[in-house]
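Asks: Sharing a structure with you now.
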Amino acid sequence: FIVALDTKTGAEVWRQTRDERSSWSTPLIVEVNGRWQAVVAATKRTRSYDVATGEVVWEAGGLTPNVIPTPVTGHGLVYVMSGFQGNSIQAIKLTSRGDITDTDNIVWSARKSAPYVPSPVLSGDRLYASKSRDAFLSCMNALTGEVHYQDQALGGLGGLYASPVAANGYLYVAGRDGTVLVLKDQTTYEVVATNKLSDRIDASPVMVDRELFLRGHQFLYCIAEG
């Protein structure tokens with residue numbers, strides 16, 4: 001099920017049953033034409049719920065089992081994807097209504113190079129996605145699905161759980177072995193720096209002001225200038 005709670009009291013506002021065996025993906029809350037929606041990607045259906053009432057605004061099939069990546073949004077679209085027992089990426093119009101499976105409300109889709117655990121990154125019109133849990137990265141045009149580069153090996157990284165993060169013209173990718181790659185945020189693949197911590201990293205990097213926080217298995221790290 002999915003439930004909405006009053007943040008001040010904890011009281012249940014609404015509840016909807018869900019025909020899903022599991023739920024890993026974090027709901028994405030987004031405003032569409034003055035109406036707030038909660039987009040939840042899952043195995044059988046991606047569903048968008050009216051935040052106020054719990055009503056299903058739109059739904060679409062087409063992802064693979066065990067969906068983990070959190071949707072991202074931009075350009076009037078929401079991007080959902082999954083990379084377990086197959087690959088699926090969909091760019092869906094946020095203004096959709098009803099069952100939009102196999103309709104042109106899904107602006108573009110792809111059946112390869114989708115992440116299993118990490119979430120994608122949208123930076124301008126560039127959509128970045130890793131491949132399964134492996135150290136490969138793809139960059140696509142977010143508006144058309146055109147591939148800029150695909151399954152580029154992230155040299156030195158031992159697999160991925162953490163989601164990449166884009167900031168200030170760069171893309172930060174943390175590997176499970178503690179290696180962090182800094183890439184240029186652009187349509188061609190270019191490594192700016194490679195750094196290694198003596199720790200394992202599964203949590204996504206977090207940016208606060210001019211500081212980068214990395215949570216390892218043993219320690220919390222703050223990387224700052226000066």
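The values are calculated or read from the model by the stated rules, or taken from the named source; none is laboratory data. As the structure is a prediction and not an experimental result, all values here were calculated from the model. Counting neighbours? That spans all protein chains shown, and the Cβs are built from the backbone with ideal geometry, glycine included. Areas reflect the complete protein model, heavy atoms only, side chains present, ligands, DNA and RNA absent. Shrake-Rupley method; radii C 1.70, N 1.55, O 1.52, S 1.80 Å.
Asks: Please report the projected area of the chain's Cα convex hull averaged over all directions, in nm².
Replies: Details: hull surface 53.9 nm².
That works out to 13.5 nm², a quarter of the Cα hull's surface.
Asks: I'd like the GluC sites (Glu not before Pro) in the stretch 29-137 restricted to DSSP loop residues with at most 13 other Cβ atoms within 10 Å, sorted by number. Please list the in-between numbers first.
Replies: Details: sites: Glu31, Glu55, Glu59; in loops: Glu55.
Of the GluC sites (Glu not before Pro), the ones in loops of the stretch 29-137 whose Cβ has at most 13 other Cβ atoms within 10 Å are Glu55.
Asks: Where the centroid of each part is defined by its Cα atoms, how far is the stretch 58-72 from the stretch 153-226 in Å?
Replies: Centre-to-centre (Cα) distance: 26 Å.
Asks: Let me ask something else. For the chain, give the share of DSSP beta bridges that are antiparallel, in percent and rounded to the nearest 5; count only bridges with both residues there. Mind showing how you got there, number by number?
Replies: On the way: 64 of 67 bridges.
Within the chain, antiparallel bridges account for around 95 percent of the total.
Asks: What FRET efficiency do you get for Gln85 and Ala224 if R0 is 30 Å and r is their Cβ-Cβ distance, rounded to the nearest 0.05?
Replies: So the FRET efficiency works out to roughly 0.15.
Asks: In addition: Within straight cross-link reach of Lys44, meaning Cα distance under 20 Å, which aspartates and glutamates are found once same-chain residues fewer than 8 apart are removed?
Replies: Correct list for Lys44: Asp19, Glu20, Glu55, Glu59, Asp99, Asp102, Asp104.
Asks: What stretch of the chain, leaving out the sites themselves, is the longest with no chymotrypsin sites (Phe, Trp or Tyr not before Pro) in a DSSP loop having at most 14 other Cβ atoms within 10 Å? Intermediate values should be presented prior to the final figure.
Replies: Working: sites that count: Phe1, Phe219.
Maximal segment without exposed cleavage sites: 2-218.
Asks: Let me ask you something else. Could you name the aspartates and glutamates whose alpha carbon sits less than 20 Å from that of Lys196, not counting residues in the same chain fewer than 8 places away?
Replies: Output for Lys196: Asp134, Asp177, Glu211, Glu225.
Asks: With the full set of protein chains in place, find how many percent of the accessible area of the stretch 149-192 is carbon and sulfur; take the probe as 1.4 Å. Working shown, then result.
Replies: Values: 730 of 1660 Å².
Carbon-and-sulfur percentage of accessible area, whole number: 44.
Asks: Send over a whole-number figure in Å² for the accessible area per residue of the stretch 1-99, probe 1.4 Å. The partial results should precede the final answer.
Replies: Details: 4850 Å² over 99 residues.
Averaged over the residues of the stretch 1-99, the accessible area is 49 Å².
Asks: Among the listed pairs Lys93/Lys184; Lys131/Lys184; Lys93/Lys131, give every one whose C-alpha distance is greater than 22 Å. Kindly include the intermediate steps, with their values, before the conclusion.
Replies: Details: Lys93/Lys184 29 Å; Lys131/Lys184 19 Å; Lys93/Lys131 24 Å.
Cα-Cα > 22 Å for Lys93/Lys184; Lys93/Lys131; rest within.
Asks: On to the next question. Share of the stretch 1-121's accessible area from carbon and sulfur, percent, 1.4 Å?
Replies: On the way: 2920 of 5860 Å².
Carbon plus sulfur share of accessible area: 50 percent.
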